[in-house]
2 protein chains.
Amino acid sequence: MTGSDVVERLRAVLPPAAVVTEAAALAERASDRSGLAGDTGALALVRPGSTAEVSAALAVADATGTPVVPQGALTGLAGGGNALPGALLLDLGRMRRILSIDPVERHAVVQPGVIVADLQAAVADQGLFYPPDPASAAISTIGGTIATNAGGMRAIKYGVTRDSVRSLEVVLADGTVLRTRAQTVKAVAGLDLTDLIVGSEGTLAVVTEATLALRPAPGTQAGVAATFPDVASALEAANAIVTGGALPVTLELLDGVALDAIRALEPDVDLPGVAASGGPGAWLVAVTDDEASATADLARFEAAMHEHGALGVQRAGDERELHAVLAARRQLHPAMRALRGASLNGDVALPRRRLAEFVRGLDAVAARHGIGISVGGHVGDGNLHPVLAFDGDDAEAARTAHAAFADVVALAQSLGGTATGEHGVGLEKLPALAGEFDERMLALQRRVKAAFDPRGILNPGKKLG
Amino acid sequence: MTGSDVVERLRAVLPPAAVVTEAAALAERASDRSGLAGDTGALALVRPGSTAEVSAALAVADATGTPVVPQGALTGLAGGGNALPGALLLDLGRMRRILSIDPVERHAVVQPGVIVADLQAAVADQGLFYPPDPASAAISTIGGTIATNAGGMRAIKYGVTRDSVRSLEVVLADGTVLRTRAQTVKAVAGLDLTDLIVGSEGTLAVVTEATLALRPAPGTQAGVAATFPDVASALEAANAIVTGGALPVTLELLDGVALDAIRALEPDVDLPGVAASGGPGAWLVAVTDDEASATADLARFEAAMHEHGALGVQRAGDERELHAVLAARRQLHPAMRALRGASLNGDVALPRRRLAEFVRGLDAVAARHGIGISVGGHVGDGNLHPVLAFDGDDAEAARTAHAAFADVVALAQSLGGTATGEHGVGLEKLPALAGEFDERMLALQRRVKAAFDPRGILNPGKKLG
């Protein structure tokens with residue numbers, strides 16, 4: 001069967017507008033934000049408007065052995081959504097309806113193409129709260145964040161995307177439509193495939209509807225930021241905050257280089273504590289959203305900061321100012337990319353106890369390769385984003401950066417950590433899997449994949465080693 | 001290969017005390033607390049003392065095609081731990097060490113035979129908190145609660161066992177020892193098999209070590225209880241509490257029959273609100289563990305109770321009195337069994353919005369079969385335990401009870417609910433699976449099982465349809 005036969009079969013079962021083969025459209029959907037070039041030779045862009053259309057498209061793909069790449073908004077950072085040669089690009093973006101928001105069930109039922117921030121806003125209107133908040137929330141889709149099990153700045157207190165997914169409607173590779181479990185709060189009938197599909201990066205099934213747990217709206221956020229002479233002191237303060245009582249909703253770190261890069265990109269932002277001391281080695285922000293205990297929480301955060309050598313400690317004036325600070329923090333990756341034109345963005349997670357050792361090890365890697373390595377991220381989760389900025393036009397610099405980057409990942413794994421805490425494996429982290437799982441574990445994962453997708457058409461060559 | 005050959009091979013790889021074949025020992029480990037008789041013809045009781053011994057035993061079982069029933073404390077309520085003919089009973093009870101409690105990682109690393117309450121107490125000594133709290137906590141094991149994804153009275157606020165499991169060391173059917181993921185807070189490398197294994201009732205792998213997430217110790221508990229003329233009013237009050245603000249840590253319902261049965265079993269317990277009104281139709285208790293907002297929380301709970309027709313509303317005098325009340329509530333199953341000598345204990349979960357309709361349906365089922373059906377449980381989760389008490393010596397009464405019980409489960413499923421919210425499928429709920437999953441879903445689950453256990457030796461005939 002030729003590619004045009006496959007397209008013909010798709011056109012026979014889908015509305016005309018749902019099957020796009022123009023080269024420009026395929027090129028536009030070739031790559032996510034990983035910096036890895038996706039293949040421009042995909043067969044077609046399929047844009048289903050319903051579960052039935054997803055099912056029909058997959059049935060054709062399965063019958064013809066055609067690979068399928070499920071895609072959301074292509075905001076991923078690991079190449080998971082990148083196009084593959086001869087593949088169907090299954091864009092779920094047209095399925096973007098919020099089907100219900102139910103305060104009694106405390107859940108929302110949504111299609112995969114809903115933008116995360118749109119859902120956050122819609123539930124907030126009803127006094128409810130959808131906790132997952134990746135830096136990409138304004139542009140990423142619910143389906144994409146389910147595929148990657150996205151984390152973000154509120155995971156320390158409320159968990160990652162998986163913790164908010166109650167039930168899924170999915171389409172298997174052969175077009176079979178299934179619901180993973182009842183939409184109840186608790187359910188233990190059968191094996192629970194829900195959490196397995198979350199984070200599987202489109203390799204097991206295509207999510208067509210998600211039932212998402214909501215929480216009561218939290219209180220107004222209040223936060224305090226501090227500068228430190230070095231990252232080690234900031235890490236000590238962070239550990240003291242994590243072990244000292246109720247968890248902050250957000251606990252973020254930036255080192256001095258990342259801080260300067262963000263200030264260069266966002267000159268208008270006022271980062272509390274920074275102006276006063278200038279050029280600090282590290283910056284830490286801690287946020288509470290518990291109004292009843294906010295006064296005590298902030299006092300405790302400040303005490304921990306002072307105790308561990310803060311140069312300056314300053315509260316955000318109000319929630320608006322705090323949100324500006326957090327928005328600036330979200331610019332870590334673009335800011336570091338702007339420094340030299342290109343960057344490699346790490347996503348390691350470590351046992352919190354090993355963070356200081358990891359950061360010392362980063363310095364050694366940087367010295368060995370003669371490259372700067374900056375670090376920032378969700379220190380409260382032990383999920384750091386080491387960033388290697390380099391001149392994108394210099395092939396030698398790129399080689400050096402990639403070699404150093406591999407060492408950074410191996411360092412994290414050697415300390416009991418993982419190559420990826422929230423961005424996903426995609427294509428980028430495939431070489432790192434062997435550093436984390438032995439061959440028997442990878443073989444088991446491939447058998448599980450085959451149980452869902454015997455012909456191996458769903459996002460082949462991604463996620464699994 | 002005969003059974004005695006298998007035992008001989010086991011003795012060759014395990015210490016003498018780890019392989020027990022005495023009939024009395026096998027009979028003692030034949031049945032859990034489901035009331036279903038387990039087979040007394042097991043081949044041997046295997047009591048490993050280490051992961052290596054579990055691996056050695058499973059390698060023999062796999063090589064010889066011998067079924068294996070993983071067992072904890074046999075406190076399960078669905079027959080999941082019941083013995084099978086010719087099987088090895090793999091008792092994890094000797095692996096009962098708490099390996100570490102780490103306040104920086106906020107996790108505990110434990111062996112599967114640790115008693116839940118022992119872990120709760122050990123972490124409390126360090127100002128930490130292990131939230132899962134099934135009614136059986138004083139006698140059930142961590143391994144058993146992982147196998148069933150146990151819930152309990154604090155799930156409404158803190159989630160079920162799965163929500164507290166970070167990483168597992170497991171042994172596959174063929175003896176392969178694997179770690180499911182890094183022990184970090186976040187990790188998205190590879191498919192996450194952790195949550196799939198939690199709740200799989202021993203059908204996928206044997207858990208030999210668990211890394212469990214801990215929280216900061218909550219505040220002192222404070223609670224309020226109310227009596228109502230009927231269950232419908234109590235359900236309305238419960239929904240008002242759930243939708244009105246921060247979630248209570250516990251929100252439990254008993255109907256009048258269950259209340260009377262518990263008072264008969266525990267005559268000394270003082271149930272707030274009950275003495276004053278006498279013989280109410282329903283009783284509801286709501287608890288907060290947030291000290292900073294306790295005053296406001298209790299006032300809100302009370303207002304919701306009054307608004308929805310409470311006959312009497314009374315606060316527990318202090319935490320000690322409250323704990324006595326909750327301990328009494330935990331006696332639901334024994335109390336109902338004591339009423340007539342035998343009982344069938346349901347474990348349905350429903351969308352909270354459908355609870356009132358479900359309870360009305362229960363009355364219809366009871367009338368149709370001419371049997372009393374009582375109800376109590378975790379109303380805040382929509383997880384109710386309908387109980388059918390009957391004369392265990394009367395075969396006709398038992399038949400009637402089982403027929404009515406099947407109707408109760410089907411009723412829950414017809415309202416978007418599940419046959420089991422926290423007890424598990426085991427043997428008891430196998431016939432109910434078809435009411436909840438179609439054949440394609442059950443076939444997928446069997447393929448996933450086969451990916452882990454190709455010879456099908458792990459707890460065969462349980463959990464999966």
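The values are calculated or read from the model by the stated rules, or taken from the named source; none is laboratory data. Since the structure is predicted, the reported quantities are computational estimates derived from the model, not experimental observations. Here the Cβ positions follow ideal geometry from the backbone for every residue, glycine too, while neighbour counts run over all protein chains shown. When the accessible area is computed, the model is the full protein with side chains, heavy atoms only, and any ligands, DNA or RNA have been set aside. Shrake-Rupley method; radii C 1.70, N 1.55, O 1.52, S 1.80 Å.
Annotations
- Placing pseudo-labels 7 Å out from each Cα toward the beta carbon at residue B:360 and residue B:28 gives an inter-label distance of 5.2 nm.
- Shielding by partners, peptide B:131-139 (average Cβ within 10 angstrom, other chains): 0
- Residue pairs, from the table A:186/A:462; A:429/A:449; A:429/B:186; A:157/A:186, whose Cα atoms sit over 25 Å apart: A:186/A:462
- Separation between Cα centres of region B:232-252 and region A:362-410, rounded to whole Å: 50
- To the nearest ten degrees, helix A:319-329 and the longest principal axis of the Cα atoms of chain A are 70 degrees apart.
- With label points set 7 Å from Cα along Cα→Cβ, the inter-copy distances at residue A:334 are 6.3 nm, sorted shortest first.
- Accessible surface calculations at 1.4 Å, restricted to protein heavy atoms, place region A:226-312 at 35 Å² per residue.
- Zone residues, region B:204-225, relative to residue B:97, backbone N less than 12 Å from point 7 Å out along Cα-to-Cβ: none
- Copies compared at residue B:394 - label distances in nm, ascending, label defined 7 Å from Cα in the Cβ direction: 9.0
- Once the 1.4 Å probe is applied to the protein heavy atoms, region A:338-426 comes out at 33 Å² accessible per residue.
- Chains B and A together, accessible area buried on both sides, 1.4 angstrom probe, square angstrom: 6100
- Estimated FRET transfer efficiency when R0 is 41 angstrom, pair residue B:12-residue A:410 (beta carbons, to 0.05): 0.50
- Residues along region A:281-330 losing 40 Å² or more of accessible surface when the other protein chains are present rather than the chain by itself (probe 1.4 Å): A:292
- Exam field: residue A:434 pseudo-label spacings to other copies (7 Å along Cα-Cβ), nanometres: 4.9
- With Cα atoms, 0 to 90° folded angle of helix B:231-243 axis to chain B main axis: 80
- For peptides A:30-39, A:372-381, sequence by mean Cβ density within 10 Å, most packed first: A:372-381, A:30-39
- When the surface is traced with a 1.4 Å probe over the full set of protein chains, residue A:306 keeps roughly 120 Å² accessible.
- Heavy-atom accessible surface of chain A: percent carbon and sulfur, 1.4 Å: 52
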